[in-house]
1. Is it the case that the range 101-111 has a residue that's at pLDDT 95 or above and either over 17 Å from the mean Cα position of the chain (by Cα) or basic (Lys, Arg) (or both)?
2. Select from the range 1-17 the residues that are in a loop (DSSP other than H, G, I, E, B) and either over 23 Å from Met39 (Cα atoms) or at pLDDT 80 or above (or both) and list them in ascending order.
3. Those residues that are open to solvent by 10 Å² or more (accessible area, probe 1.4 Å), modelled with pLDDT under 95 and outside any loop (DSSP other than H, G, I, E, B), I need them from the range 45-72; list them, please.
4. Quick check on the range 75-93. Is at least one of its residues touching a strand residue (DSSP E or B) at 6+ places or on another chain (Cβ under 7 Å), open to solvent by less than 60 Å² (accessible area, probe 1.4 Å) and within 21 Å of Ser131 (Cβ to Cβ)?
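The values are calculated or read from the model by the stated rules, or taken from the named source; none is laboratory data. Remember, predicted model here, so these are calculated numbers, not experimental data. Heads up, the Cβs are rebuilt from the backbone with ideal geometry, glycines too, and the neighbour counts pull from every protein chain shown. We work out accessible area using only protein heavy atoms, side chains counted, and drop any ligands, DNA or RNA first. Shrake-Rupley method; radii C 1.70, N 1.55, O 1.52, S 1.80 Å.
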Amino acid sequence: VAPSFHESELLHKMYCNGLNNKDNFTLFLKLHFSNDEVMKATKKYFITDWNTSTVFWQRDNQERIRAGKVMLYDSITGKRSKTVVTNWVHSKLKLENFNLKQCLFGLHLINENTTKVIALVEAEKTAIIMSLYLPDYIWLATGSESGFKMEYLEPIKSCKIIAFPDKGKGFESWSKKADDLKSLGFEISVNDILENNANCPDGGDLVDVYLQDKAEPPP
């Protein structure tokens, strides 16, 4: 079944000005970055709000809008709410017969620069924040540990990829999958910076490290 796409007018209608977003994640960003940096990040990744929740729009390498993932964060800690489940814009709008077929979050960014190395993480939040810390990479997110798979990574096969899975189980599973991807022609490596960081908790990601101890940039 062919994937469904949102009309671009929907995104334009929801996105007015990144600094005017009222979602908790944007409020969290403002605690750590300047207003200018926050605006650039929200425009770059097409972040919008749904009340206090955040909409992470998935635009593919052909600029088609595949999905709007809706998640609620704490405005102080930046942690995702454990009481509110992840939702989707098409579900909230009650769009009938919408065939959700996801892609990497931030995939549209590969059209802007073909020479930068792609840094791949699990969480959308992590991709956005790390793009502010280390802008020399193109930061993309799989959306989950299971999102590290051929179906999602096919559009970036020609790029050099460094994967930064969450500490623990994610590192193990991504390392095994990376070996399979290499055999298919991918130039991909799995970075172990989190595995070797004693200050990073199990299940933690790069944001935990950078916000806590301002770690050195990964190699």
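1. yes
2. Of everything in the range 1-17, those that are in a loop (DSSP other than H, G, I, E, B) and either over 23 Å from Met39 (Cα atoms) or at pLDDT 80 or above (or both) turn out to be Val1, Ala2, Pro3, Ser4, Phe5, Glu7.
3. Scanning the range 45-72 gives Asp49, Trp50.
4. no
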